[in-house]
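Each remark here refers to the structure printed beneath this line.
The values are calculated or read from the model by the stated rules, or taken from the named source; none is laboratory data. Worth saying up front: this structure is predicted, and the values here are computed from it rather than measured. Please note: Cβ atoms are built from the backbone with ideal geometry, for glycine as well, and neighbour counts cover all protein chains shown. Note: accessible area is taken over every heavy atom of the protein model, side chains too, but ligands, DNA and RNA are not part of it. Shrake-Rupley method; radii C 1.70, N 1.55, O 1.52, S 1.80 Å.
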Amino acid sequence: AGLAYLLTGVLVVVTAVRTVHMTALTPDSLRYLLFSVLIQTPEGLAAVHPPDLLNRQIGLPSLHALSSLGDRMYLASLGPLFGVSTLGLAVSLLWSHLRSDRRRLLLVLIAAAFLLSTNRFLYSWFYINTHIEMAAFLLVGVAGIWLTAIERLPGWGFPVGLALGAALLLRPDSPLFVSVLLVVAAAAPIGWSTRWSIAVPVAVYGLVWYG
């Protein structure tokens, strides 16, 4: 049921964004979009200005490059997709792991209202930048490590690794955040197989992009 609600929310928001132009384009956003156009050319990464390659990274431009399949300049629904997914995951985690049923609904509603009333959180849904994507992947990392360690759910290990690996491709400071979570995973009371399932995808992403 939770997944159905999440998919419905994503569908509603994405449809609204595609119908009503809500995307905020700033000079910074346009640099990302120029990057995404350039990597569609035969020259690929060689055509990208080196400072942009360092500061923008490859993750977000690659996602927006998919817009060319639909003859669009960018994916207006990308930010809302990550935004609703992030909110849905946060609400789902709270709902599933709050011990008391008496005030669970109230606490979840308060948490959701707090997030939605936060200007930067909601604004980042409609702002072409890496903020909401980074938040989504880091939430998966933090929540997955916690569920693996506390709830004994080792199946979260590989999704955590994929999320942290994807986060490496978004921002120049991503390695710092990912390294902190890898240290947390190494210190957490989880099995070595789970640690490897987290570390290996991150290492592969890192070697391919930074190697």
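Keeping every protein chain present and rolling a 1.4 Å probe, give me the accessible area per residue for the chain in Å².
I get 56 Å² per residue for the chain.
Check residue 127: other-chain or 5+ apart residues with amide H under 5 Å from its amide H, H built from backbone geometry?
Amide H to amide H, under 5 Å and 5 or more residues apart or across chains, residue 127 pairs with 24.
Among rounded, prolate and oblate, which fits the stretch 33-82 when a ≥ b ≥ c are the square roots of the eigenvalues of its C-alpha gyration tensor, a/c under 1.5 means rounded, and a/b larger than b/c means prolate?
Oblate, because a/c is 1.5 or more while a/b does not exceed b/c.
Carbon and sulfur atoms: what percent of the 1.4 Å accessible area of the chain do they account for?
72 percent
Using just the helices of the chain, give the 222 nm mean residue ellipticity in deg cm²/dmol: DSSP H runs with n ≥ 4 each add -39,500 (n - 2.57), and the total is spread over all residues, rounded to 500.
-22000 deg cm²/dmol
Expected output is a single nm value to one decimal: the length gained when fully extending between residue 69 and residue 15, i.e. 0.36 nm times separation in residues minus the C-alpha distance. What is it?
Here the segment from residue 69 to residue 15 would lengthen by 17.6 nm.
I'd like the Karplus ³J(HN,Hα) series for the stretch 55-68: coefficients 6.51, -1.76, 1.60, θ = phi - 60°, whole numbers in Hz, and an x wherever there's a Gly or Pro.
Each residue's phi maps through the Karplus curve to give 7, 8, 6, 9, x, 5, x, 5, 5, 6, 5, 5, 4, 5 Hz.
Give the Rg/Rh ratio for the stretch 96-211, taking Rg as the radius of gyration of the Cα atoms and Rh as the Kirkwood radius, to two decimals.
1.03
Can you tell me what percent of all Cα-Cα pairs in the stretch 111-154 are more than 15 Å apart?
56 percent
What ratio of Cα Rg to 2.2 N^0.38 Å holds for the stretch 20-157?
1.27
Take the chain, connect every pair of alpha-carbon atoms lying under 10 Å apart with a spring to form a Gaussian network, then pick out the residue of 186, 46, 143 with the largest mean-square fluctuation.
46
For the stretch 86-98, just list the computed ³J(HN,Hα) in residue order, Karplus coefficients 6.51, -1.76 and 1.60, θ = phi - 60°, integers in Hz, with x standing in for Gly and Pro.
Here the 3J(HN,Hα) series is 5, 4, x, 5, 4, 5, 4, 5, 5, 4, 7, 10, 6 Hz.
Which Rg and Dmax, in Å, describe the Cα atoms of the stretch 118-184?
12.7, 37
Would you kindly state the longest site-free stretch of the chain, with sites defined as trypsin sites (Lys or Arg not before Pro) in a DSSP loop (not H, G, I, E, B) surrounded by at most 13 other Cβ atoms within 10 Å?
Looking at the chain, 1-71 is the longest stretch - no exposed trypsin sites (Lys or Arg not before Pro) with at most 13 other Cβ atoms within 10 Å.
Report the Rg/Rh value for the stretch 1-98, based on alpha-carbon coordinates and the Kirkwood definition of Rh.
For the stretch 1-98, the value is 1.08.
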